[in-house]
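Step one of this worksheet: look at the structure below.
The values are calculated or read from the model by the stated rules, or taken from the named source; none is laboratory data. Predicted model, so just to flag it, every value in this text is computed and none were measured. When we count neighbours, we look across all protein chains shown, and the Cβ atoms used for this are built from the backbone with ideal geometry, even at glycine. With ligands, DNA and RNA removed, areas are computed over all heavy atoms of the protein, side chains included. Shrake-Rupley method; radii C 1.70, N 1.55, O 1.52, S 1.80 Å.
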Amino acid sequence: MTTPFEDPPIAPKKPTRFGGLRTSFLTGLVVIAPVGLTIWLMWTLIGWVDGFVLPLIPAHYQPERYIGINLRGVGVVIFLIFTVLVGWIAKGLIGRSFIRFAESLVNRMPVVRSIYSGVKQIAETVFAQTESNFERACLVQYPRKDIWAVGFISTEAKGEINQKAETGSDLLSVFVPTTPNPTSGFLLFFPREDVIELDMSIEDAAKLVISAGLVYPGQKKPEELRKKAG
């Protein structure tokens, strides 16, 4: 019983049928979206490779003449076989001699030389030097003091950079990624004492950056928390 001067008690709202449908729809969307986007990206990538490789094959040798249908993915198979064959030849003596001769010709071309050397360096960094990965995840103060950012320690700074920097200790090369695209970011050099190493793995730190701070290492799912509370 309430008096005219008291507010009536607010009863807890019961979940409506529309609310249940909305929750089910969002849950289904979370399940379907990653799978659908992954399939779409792979399908698009395969089609792009087919569209690039198949036109290079003479019409008489087109796989469609023998298969009978335009089967997607044939160009990818041809590209993989061709790449393996080129790599096998390049490892031999004749292949290495031919590559050195071709590079000597390219180095004489002003514009082509710059483009080739840049693309080659990127390719060697991404594909060939698989042992040169980020070492550890870390915390650094960036872009100013008292603002912390997650970074990845790559190597110790060497050569002229480490010698001419006016610091009392060695420098560490730290890659600070952007959110939600961790492939872009900034290469920064910090004194060793200003870098705080983290116990989390590189993968967990990458998930933290990609999710914009929504997914933390060791964080339990809401279903697990509800079960534990119950």
Exactly one of F186, F190 is open to solvent by 50 Å² or more (accessible area, probe 1.4 Å), under 20 Å from P143 (Cβ atoms) and at pLDDT 85 or above, and that residue is F186
(Q) For the stretch 201-214, check the following and say yes or no: at least one residue is hydrophobic (A, V, I, L, M, F, W, C), assigned to a loop (DSSP other than H, G, I, E, B) and at pLDDT below 90. (A) yes
TODO: Kindly indicate whether any position in the stretch 120-135 is open to solvent by less than 40 Å² (accessible area, probe 1.4 Å), in contact with a strand residue (DSSP E or B) (Cβ under 9 Å, 6 or more places away or on another chain) and within 30 Å of L214 (Cβ to Cβ).
DONE: no
**Filter result for S114 (under 30 Å from T179 (Cβ atoms), surrounded by 10 or more Cβ atoms within 10 Å (Cβ to Cβ) and modelled with pLDDT under 90)** = no
If we keep only residues of the stretch 153-175 that are within 14 Å of E135 (Cβ to Cβ) and polar (S, T, N, Q), then the residue modelled with the highest pLDDT is S173
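Okay, residues lined up against (1) hydrophobic (A, V, I, L, M, F, W, C); (2) free of Cβ contacts under 8 Å to residues at least 12 places away in the same chain:
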| position | (1), (2) |
| --- | --- |
| P34 | no, yes |
| V49 | yes, no |
| G73 | no, no |
| I78 | yes, no |
| V111 | yes, yes |
Inside the stretch 155-181, the number of residues satisfying the requirement of being open to solvent by less than 70 Å² (accessible area, probe 1.4 Å), under 15 Å from Y142 (Cβ atoms) and not hydrophobic (A, V, I, L, M, F, W, C) is 3
Counted residues in the stretch 153-176 being farther than 27 Å from M200 by Cβ, outside any loop (DSSP other than H, G, I, E, B) and among the small types (G, A, S) come to 1
